[in-house]
Amino acid sequence: MLFTTILTASLAILSSAVFGEARKSKTHDVIVGGAAGLVYTPNQVHAQVGDHVKFHFQFKNHTVTQSSFDYPCEPLKGGFDSGFMPVAMDDKNGPTFTIEVKNEDPIWVHCEQVGHCPSGMVFAVNAPKKGNTFKKFLKMAKASGNNEYHDGGSYKRSEDDSEEDVEEKRSLLSRITGKRGVVELEA
């Protein structure tokens, strides 16, 4: 009996020395919008496989929508999407949305609210320090708002449309159809 106990303890010590201690997953908290404006705070995190990123929505109406590096303001087909999370100004306990980091690849995120992504409301998990960096992702997001919005679909505006006209048309389309970006208006 004593031999079995000693052997078991020795194997446990040897196992942890050889294979390392099991790592507990970490939760990275990110604020969505709120007093900081149209941003995720922080705007990027470095996470290990098994970690979680928990998005805390604050006032206004935002999303956490997966995109790609090449198309920062377009939803990634098959990617995650929190959907719109409206939060009142006085709400101190807004909703949350959590993702699990499944591998070490970068995860690119944007807000689907009209104009938010082109305003720089983007986020990344494990953005590379060289090549496709977060800085380049942010720059491409801001450049995407010149003449086209991406909001679950494509809405091209003509040069005659003012910003107010575009917002009014998109709002009306959303209320009628219950969907975002279902119609493309021709120039």
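Could you list, ordered by first residue, the pairs with Cβ atoms under 7 Å in which the first is in segment 82-107 and under 29 Å from Thr133 (Cβ atoms) and the second is open to solvent by 70 Å² or more (accessible area, probe 1.4 Å) and of a type in the set (Val, Ile, Thr), at least 6 apart or interchain? Matching pairs, first to second residue: Val101/Val49; Lys102/Val49; Asn103/Val49; Glu104/Val49. At least 1 residues being in contact with a Ser or Thr (Cβ under 6 Å, 6 or more places away or on another chain) and farther than 19 Å from Gly120 by Cβ is the threshold, and among the strands (runs of 3 or more DSSP E) wholly inside segment 51-105 those reaching it are 52-57, 96-100. The condition (being open to solvent by less than 70 Å² (accessible area, probe 1.4 Å) and acidic (Asp, Glu)) is satisfied by just one residue among Asp105, Asp51, Asp29, Asp90: Asp51. Taken over segment 49-77, the criterion of being in contact (Cβ under 8 Å) with a residue 60 or more places away in the chain and among the aromatic types (Phe, Trp, Tyr) is satisfied by Phe69, Tyr71. Quick check: is even one residue across segment 109-120 free of Cβ contacts under 8 Å to residues at least 60 places away in the same chain, within 26 Å of Ser25 (Cβ to Cβ) and open to solvent by 60 Å² or more (accessible area, probe 1.4 Å)? Checking segment 109-120: not a single residue is free of Cβ contacts under 8 Å to residues at least 60 places away in the same chain, within 26 Å of Ser25 (Cβ to Cβ) and open to solvent by 60 Å² or more (accessible area, probe 1.4 Å).
The values are calculated or read from the model by the stated rules, or taken from the named source; none is laboratory data. Everything numeric here is computed off the predicted structure, so don't read it as measured data. As a convention, Cβ positions derive from the backbone with ideal geometry for all residues, glycine included, and neighbour counts pool all protein chains shown. Areas reflect the complete protein model, heavy atoms only, side chains present, ligands, DNA and RNA absent. Shrake-Rupley method; radii C 1.70, N 1.55, O 1.52, S 1.80 Å.
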